[in-house]
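The values are calculated or read from the model by the stated rules, or taken from the named source; none is laboratory data. Just so you know, these numbers come straight off a predicted model, no measurement behind them. Every residue, glycine as well, gets a Cβ built from its backbone with ideal geometry; the counts of neighbours run over all protein chains shown. The area values use the complete protein model at the heavy-atom level, side chains included, leaving out ligands, DNA and RNA. Shrake-Rupley method; radii C 1.70, N 1.55, O 1.52, S 1.80 Å.
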Amino acid sequence: SRVKPALEKRLREIKESTLLVNTGGIGIPTEFGTAKYGMIDAMLQAGLRLIALSPPDIQYAWEELLNRAVEGPEQSRPILLASNLKPKDPAGAGPVKRSYVAVVDGIRIGVLSLLPPRANALLARNALPWTIEEPAAAARALILDLRVREKVDLIAAVSHLNSEENARLLDGAPGIDLILRGTTLGERATRRHISVELTGWGSEKHARPA
């Protein structure tokens, strides 16, 4: 297929001046390549390492992603992000990060990724020792840390929440400048809709998503 080389070429062209984030579903079995996790292979080879974990990733590729995050050369490992995913055992956080800071063209960008609490049923069904916290509560503490300690200029959140949940998130956790809509439960994986919602960056009061 010509798709994979073309995708890798385009990602290499833009990654120096662009923050690349996979917004979920990277582990869903697809026709992309011949390997079971062909999409993961293609993205990592092209340098797209930051993965905002989504419910489908937990369902289809949880162990695969965790293993890849700790094996092989560090520069080729995926960076797994889930801001409100909490291990039941405090010592068992493993490679999953709650926030991430990237510097792009001199701009410090803090990145969050938020899962819907209803995905706790998915964790329980797969006997995974994690729990999903209320998104706004988890985001509030992280936003404060990113602003005060990390001195970020912008906070972007990859949200796997639905529109109503996003509105509650913004009410409960002021300080998010940009929402990237990921994969929400109930959507068909083959018809993921990804949208960008600006939330009043630069204004004193953050607005709801447009």
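Mind ranking Thr23, Thr18 by accessible surface for me, highest first, 1.4 Å probe?
My answer, sorted largest first, is Thr18, Thr23.
Once the Cβ-Cβ distance between Arg140 and Ser163 is put in as r, and R0 is 22 Å, what FRET efficiency do you end up with, to the nearest 0.05?
It comes out at approximately 0.60.
Could you give the length gained by full extension between Asn120 and Asp171, i.e. 0.36 nm per residue of separation minus their alpha carbon distance, to one decimal place?
Working: separation 51, 0.36 × 51 = 18.36 nm, distance 2.27 nm.
Extra length from Asn120 to Asp171 when fully extended: 16.1 nm.
So, in nm, how far is label Thr18 from label Arg108 when the simple model puts each one 7 Å beyond its Cα toward the Cβ?
2.6 nm
Karplus couplings for the range 81-86 from phi (6.51 cos²θ - 1.76 cosθ + 1.60, θ = phi - 60°), rounded to Hz, Gly and Pro as x?
For the range 81-86, the Karplus-derived couplings read 10, 7, 6, 10, 9, 10 Hz, x marking Gly and Pro.
Run the 1.4 Å probe and let me know the accessible area of Arg147, rounded to the nearest 10 Å².
Approximately 80 Å² for this residue.
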